[in-house]
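All remarks here apply to the structure that follows.
Every number here is computed from the coordinates shown, using simple stated rules; none is lab data. These figures come from a predicted structure and were not determined experimentally. Because the Cβ atoms are built from the backbone with ideal geometry, glycine has one as well, and the counts that use them run over all protein chains shown.
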Amino acid sequence: MVTTEQIKEFGIVGAGGAGFPTYVKLGSEAEIFIVNAAECEPLLHKDKELLRLRSEVFFKGLLTCLELTRSRRCIIGLKAKYADLVAHLEESNPAPDRIEIMGLRDFYPVGDEITLIYETTGRIVAPRALPITQGVVVNNVETIYNIGLELPLVSKFITVGGDVRQPISVEVPIGSSFRDVIALAGPNLKSADLAHMEEEFSVIVGGPMMGKLATSLDEPVTKTTGGLLVFAKDHPLIRRFETAGDGKKVMRIGKSACDQCSLCTELCPRHLLGHPIEPHKAMRSLMFSSIEEACGTSLAPQAHTMACAECNLCSLISCPEGLYPTQVSVAAKKQAMAAKASFGEPIHDQAHPMIDYRRTPVKKIMARLALDHFQNKGELQGAQLHPDHLTIRTSQHIGAPAAPVVSVGDEVAQYQKIASVGDKLGAEIHSPVNGRVTAVSEREIVIAPFA
Ligand code: SF4
Ligand code: SF4
């Protein structure tokens, strides 16, 4: 069994979120350890594939996590609709008296950490508090699998889906380009020229709800890349993402078209947990501000927006006018945080009495975002990618960037450390291949693999 010190040395970070260093989470004693296997964003499947095909390594990592956090109880939260997978995990469960597989309902965002804790334990974590305040530690499937491998972290599992011939999940070396990874699934291009893929397609990195538009297909895979979803440039979801990125437009149409119906608040998953977030109030504030104020720094700080989980549900699904309450709330949240605002009102510790009736089914999301004609699957394929170079970012995690410890011309071996954070919070970085370093900067290290 590996120690927290080894997990730190291996550079393992949360594979499903912002890349929080895993050794820090596992340094807490927890009453309950929860495995986030919800994978609630449509079209993403790599976690389910890992559980299906690599459950032995996953359970090895899970037992390590339970020992390190001294958790007596463990819940694996997985959607009940995957009955075969639930049965497979029950059969291969090495400690059924301690590890429970719990079927979740099929709504978004059941994989949001705070929502998952409520669904599996009934406990409510206060806004901006850590799960450990409720005696809980949460980790996702791939992170636990990486602990079970007992090796430095050098590869990433990714689902490639959307407008492709065959949606797949694949394990690729960290530092591979998005373009090379997408090519494995065969994007439905009119021209056969992958070098010009971006003329026909846009790519969402992550899921269709919380992902981000890729700025370049030459960007590298990092320790937190989980999905590459390919869509034609005129797909409605791409149009929505593009407008969402235009701050002035978002504020202008919000100011003129919001009728204060408050549906965005009524369906907000964090509001339903009793957190103070009320996105319709963030929208209302636009009516009392100029666009310049709304886009700048003088919009009155609204503390309640600090409870926003940025799930994008209110913008992409809840608002009947197609407005952008998420983006307005996030802009106000940044200002509230910069102003060091604090919640001035009592925080409820009870969920809304209507919470069970106001969940947003994934089926509705598929239909509303015009995703239901894409294949919603992604079987795990064997490793197939041998790029001619890997671009490895020095910051792929929360905390300080790692400082390179190699120079141009150095020969490196697979798993050799190439950048280090020393004693700072962050993650060590290792070479995914045997190769030669061809470029080094503060931001990235480029390695040419040996043939
Ligand atoms: S749902 Fe849309 S229209 Fe209604 S209050 Fe929220 S932003 Fe305004
Ligand atoms: S993005 Fe919208 S729905 Fe999601 S937590 Fe924030 S305010 Fe609530």
Could you list Met283, Met366 in order of exposure, starting from the residue whose Cβ has the fewest other Cβ atoms within 10 Å?
Met366, Met283
Using only DSSP helix segments of four residues or longer, with each worth -39500 (n - 2.57), what per-residue ellipticity at 222 nm results for the chain after dividing by its residue count and rounding to 500?
-8000 deg cm²/dmol
Under Stokes-Einstein, segment 6-126 at 25 °C and 0.890 mPa s, with its Kirkwood radius over C-alpha pairs, diffuses with a coefficient in µm²/s of 164
Segment 390-449 - Debye-derived log10 I(q)/I(0), Cα point model, q = 0.12, 0.14, 0.19, 0.27 Å⁻¹:
-0.23, -0.31, -0.57, -1.08
Whole-percent tail of the Cα-Cα distance distribution for segment 233-292, cut at 15 Å, equals 59
Translational diffusion coefficient of segment 119-172 at 20 °C, 1.002 mPa s, Stokes-Einstein with Kirkwood Rh over Cα pairs, in µm²/s as a whole number.
148
Using only the Cα atoms of segment 298-451, construct the convex hull and provide its projected area averaged over every direction, in square nanometres to one decimal.
15.6
If neighbour count is taken as other Cβ atoms inside 10 Å, put Phe343, Phe10, Phe374 in order from fewest to most.
Phe343, Phe374, Phe10
Binned at 5 Å starting from 0, the alpha-carbon pair-distance distribution of segment 178-234 in whole percents comes out as 4, 20, 34, 26, 12, 4, 0
Can you work out ³J(HN,Hα) from phi for every residue in segment 112-127, in order, using Karplus 6.51 cos²θ - 1.76 cosθ + 1.60 and θ = phi - 60°, giving whole Hz and x for Gly and Pro?
4, 3, 6, 5, 4, 4, 5, 5, 8, 10, x, 8, 10, 7, 5, x
The summed charge of the Gly206 Cβ neighbourhood (under 15 Å; Lys/Arg +1, Asp/Glu -1) stands at -2
Taking the square root of 5λ for each eigenvalue of the C-alpha gyration tensor of the chain, the equivalent ellipsoid has semi-axes, largest first and in whole angstrom, of 33, 28, 23
Grab the other residues whose beta carbon is less than 15 angstrom from that of Glu442, score K and R as +1, D and E as -1, and report the net.
+2
Karplus-derived 3J(HN,Hα) from phi for segment 77-85 (6.51 cos²θ - 1.76 cosθ + 1.60, θ = phi - 60°), whole Hz, x at Gly and Pro, runs x, 9, 4, 4, 5, 8, 4, 4, 5
Could you compute Rg(Cα) / (2.2 N^0.38 Å) for segment 244-358, with N its residue count?
1.00
